[in-house]
Structure formats: structure tokens, C-alpha cells
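Coordinate-derived values only; no laboratory data. All values reported here derive from a predicted model rather than from experimental measurement. Heads up, the Cβs are rebuilt from the backbone with ideal geometry, glycines too, and the neighbour counts pull from every protein chain shown.
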Amino acid sequence: MSRKITLAELDATDRRLVEMARDESSHAYAPYSGFAVGAAVRTQSGRTYAAANLENASYGLAICAEVAAVTAANAAGDFDIEAIAVVGHKFMSPQDSTQVVTPCGRCRQVVSEAAQVAKTDVRVFSCNGDLSEIVESTISELLPTAFGPANLGVPDKWPKMRETLHATVKELKKLGLEGQAARPHQP
């Protein structure tokens, strides 16, 4: 069940996560909305990955901070997410850091799929800009009965597919090195 908590009530690990999300909001590229969002994910390995929102003049191409943070974890090969913190605030006049920011629907779907892959109910910390208000929930509370891999009949296929992917890339690298050795050096 979602609950309001204070920064002081968080343990040191969760406090660092929400502070990282707040700090990451300073890297937002938000010239159209003037609204900065930072997100930080922590994986089961204990590592954290953070990102900020990235707007685009073609509004539909914007990238949410939450999706960018999950993508960073995945790109690092560390996709088993256990927690995410989201912080947002309006930085242009009139400034407003009082509203608690929750993940949008698209972000909830991305976090939910990561949770399903990791086989955990990801904890979500939704925060206002100065961290004076924090709501802790789980992704299943924010997106109950989510669509995911099981709906497509592939709930347990990804680990084996990932092994195949890694083996394929290893083979491609090997072929690339062999191809370079066969080519004469050109000054």
C-alpha cells in the first residue's frame, strides 16, 4: 500500500537513491516545458543508474527520465531493478517544486516489465523537487494487472535469449577481428 514518508524515514540506501534522482534533474534538457525530471534506479547488484528527461521540438520524441535510467541499467547489463526514485520540478517562472511526481503511464509500463523480468515488485519513490514529500509504492500498485512478457507467452524465454545474444555478439567480435587481420593496413 502506498505510503507518504519523509526523507528522514528512509534508510541510507533509499535516501541516496532519491537524492541522486533529485541531483540528476539538473541535467534535464527541458526547454519546452520548463519541467525537469530526474530518475535513479537501483539494481539487485546494488549499483545505481540515473538519468534526466530529454525533450525534443517534435514533442512526441521526448525521453522520460525513468525510461532513460532503466535503459542505462540495461545497457550496463544490470537489468534486475529493485527500486526507482523519481523527482520533478518546474524550474521556470513560476517555479514549483511542491508537487509529488509519479511515473507516467509509459514509464510505469517500462518499469513493470523490468520488474517482471527481475521477478520482483519494484519499489517506486515518487518525490517532489525538494524531497519534502515522498510517496513510496510498488510498481504493481501503480500499474495493477500490467501487460507483459507472460501475455505474449514469453515469460521465461529472455534469459536463454540473452545468452544467445551475448554468444552472437562474441562471435561477431571474433569475426570482425579476423576480418581486420586479413585486410592489409592502409596508411
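Largest GNM mean-square fluctuation among H27, H89, H166, using the chain with Cα springs under 10 Å: H166.
With loop membership from DSSP and a limit of 15 other Cβ atoms within 10 Å, the longest segment of the chain without chymotrypsin sites (Phe, Trp or Tyr not before Pro) is 33-146. How big is the gap, in Å, between the Cα center of the stretch 155-178 and the Cα center of the stretch 36-103? Each part's Cα centre sits 29 Å from the other's. Note on the chain: with a GNM built from Cα contacts shorter than 10 Å, the maximum mean-square fluctuation among R15, R106, R42 falls on R106. For semi-axes √(5λ) of the Cα gyration tensor in Å, several values are listed as [x] 28, 18, 12; [y] 28, 24, 13; [z] 34, 22, 15; flag the one computed from this structure. Checked against the structure: label [z]. Taking Cα centre as origin and charging only the Cβ of basic (Lys, Arg, +1) and acidic (Asp, Glu, -1) residues, the dipole magnitude of the chain rounds to 600 debye.
GNM remark for the chain: springs join alpha carbons under 10 Å apart, and the peak mean-square fluctuation among C104, C64, C127 falls on C104.
Rounded to the nearest 0.05, the FRET efficiency derived from the C-beta distance between D156 and A118 at R0 = 22 Å is 0.95. Ordering S93, S26 by the number of other Cβ atoms within 10 Å of each residue's own Cβ, fewest first, gives S93, S26.
Extension gain, A12 to E163, is 50.9 nm, computed as 0.36 nm per intervening residue step minus the present C-alpha separation.
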